[in-house]
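Heads up: the structure comes next, in structure tokens.
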Amino acid sequence: MTHPKPQVTRRQLLKGAGASLIALPTFIPAAALGKNGHAPPSERIAVGFIGTGKMAHDFHIPTLLHFTDVQALAVCDVDSNRRKHAKQIIETSYQIENRATQSCDEYNDFRELLARKDIDAVVIATPEHWHAIPIIEACKAGKDVYCEKPMTLTLAESVRCIEAVRRHKRVMQTGSQQRSNVFGDFRQAVEFIRSGRIGQVKSVTVGVAGPSKWCDLPEEEMEKGLDWDLWLGTAPKRAYSSVLSPRGVHNHFPAWRSYREYSGGGHADMGAHHYDIAQWALDMDKSGPVEIVPPEDPKAEMGVKFIYANGIEMTHGGPSGCTFTGTKGTLYIDRGVLKSDPEDLIKDPIGEKEVHLFQSPGHHRNWIDCIRSRERPICDVEIGARSVAIIQLGNLAYWNHRKLKWNPDKWRFVGDKEANGWMDRERRAPWELPKA
């Protein structure tokens, strides 16, 4: 592995056009460590957090604070209580650890955070309708990105995000943590399937909830301290509801996930995890289905079928998680469960000559390591885009009760002008989809 020349700083390598050609070490030598074994400031990845709700509070902030080669410099949230709470958590943690840099700045508008030259990377944990624009603008500002799943709200957003990451040579990790074996033995399940343990795969079921619906919540009075107009962003103007954005620090996942203006529903929420595993197991990370068939009942919220060019049929429905049926048997994987029928199909561990996939050191750790090496992480932007595209295609089939033909290479519907008009949705000014 090539080490950087002494006169070139880490930040110059991360920002410069030649960064992809120079591999940085994924560890910090003991002699270079600062106080209490932490990396010196010049060798830390400087991170900002955009969105400080439950996922950031419970998962992203604590995880990255644990890394001695990362420094959290700023937080951003449209709720003043949430962002102040996140700022306090970070500063208190650094004071306890006696780090040289202890202050953390706070912002209401993500654009102010992205304008900072001293921030290398951002974690985006906003509601789904607020993913694409910060991703694109972060790439244009020279920041690497970790974004919560589902990666985007529309197909057009996914295309634009891929373009932005590639054009600006950024490292992007989509938050589909199951690829890093968070919550279960997902990598092992994929290795079994791709090694042929269940024979040739014929069908898959993905058991997650249904699509979202239009928002019909009543108006509520809003307390001070929330920039409601900025929370809405691209979505239509509407009255405040605490169901969408509960004030302050809370310990639940808000129900904005149920509504079309902001999310693809439960189908997108857990589907972004399980369709991602299905895509991985089918070796379709750079492709997707070619035909989408809605259920016969126009009111049904389960049963849409995704047909791949090789004939494999994937159905939305069945038990939670993924069930793969092959010529030799079935394999079922969900959080905390991995089993097969017959049982002996996965009794023996993966052999030397079978398929071995990359073993992630952890989803955040893999992202940070790839920021240093400039390699693509385990859930790169295109992987995240391909997985959420399945959900978006399925939702369009449900909502419009239409059979759809899709070209995954061109990211276009085949011979269907009406459907190609569904690639994106109307956006409230001034929040147009940015150019990459």
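Annotations
- Qualifying positions in region 223-244 - part of a loop (DSSP other than H, G, I, E, B) and without any contact (Cβ under 8 Å) to a residue 24 or more places away in the chain: LYS224, ARG238, ALA239, TYR240, SER242
- Filter result for GLN102 (open to solvent by 10 Å² or more (accessible area, probe 1.4 Å), farther than 28 Å from ARG82 by Cα, polar (S, T, N, Q) and over 16 Å from the mean Cα position of the chain (by Cα)): no
- Of all the listed residues (GLU432, GLU382), the sole one being at pLDDT 95 or above and open to solvent by 40 Å² or more (accessible area, probe 1.4 Å) is GLU432.
- The number of residues in region 284-293 being open to solvent by 20 Å² or more (accessible area, probe 1.4 Å) and either more than 19 Å from the chain's Cα centre (by Cα) or at pLDDT below 95 (or both) comes to 3.
- Subset of region 367-379 that is in contact with a strand residue (DSSP E or B) (Cβ under 7 Å, 6 or more places away or on another chain) and under 23 Å from SER287 (Cβ atoms) - its residue that is surrounded by the fewest Cβ atoms within 10 Å (Cβ to Cβ): PRO377
- Residue match in region 267-280 (condition: open to solvent by 10 Å² or more (accessible area, probe 1.4 Å), closer than 24 Å to GLU148 by Cβ and among the hydrophobic types (A, V, I, L, M, F, W, C)): yes
- For first residues located in region 69-88 and touching a residue at least 40 places away in the same chain (Cβ under 8 Å), partners that are of a type in the set (Asp, Glu) and lie 6+ apart or on another chain with Cβ distances below 6 Å form the pairs ALA74/ASP105; VAL78/ASP227.
- Residue that is surrounded by the fewest Cβ atoms within 10 Å (Cβ to Cβ), among those in region 390-415 that are among the aliphatic types (A, V, I, L, M) and over 24 Å from the mean Cα position of the chain (by Cα): VAL414
- Filtered residues of region 45-80 (kept if under 21 Å from ARG111 (Cβ atoms), open to solvent by 10 Å² or more (accessible area, probe 1.4 Å) and more than 16 Å from the chain's Cα centre (by Cα)): LEU73, ASP77, VAL78, SER80
- Looking across region 206-222 at every residue that is open to solvent by 40 Å² or more (accessible area, probe 1.4 Å) and touching a residue at least 12 places away in the same chain (Cβ under 8 Å), the one that is nearest to ILE350 (Cα to Cα) is identified as ALA209.
- Whichever residue in region 105-130 is among the basic types (Lys, Arg) and out of contact with any strand residue (DSSP E or B) (no Cβ under 7 Å at 6 or more places or on another chain) and, among such residues, is surrounded by the most Cβ atoms within 10 Å (Cβ to Cβ): ARG111
- Checking the stated criteria, GLU426 turns out not to satisfy the condition of being of a type outside the set (A, V, I, L, M) and either buried (at least 22 other Cβ atoms within 10 Å of the Cβ) or under 12 Å from GLY288 (Cα atoms) (or both).
The values are calculated or read from the model by the stated rules, or taken from the named source; none is laboratory data. Because the structure is predicted, anything quoted here is derived from the model rather than measured. Don't worry about glycine lacking a Cβ; one is built from the backbone with ideal geometry, like all the others, and counts go over all protein chains shown. Just the protein is used for accessible areas: all its heavy atoms, side chains included, with ligands, DNA and RNA removed. Shrake-Rupley method; radii C 1.70, N 1.55, O 1.52, S 1.80 Å.
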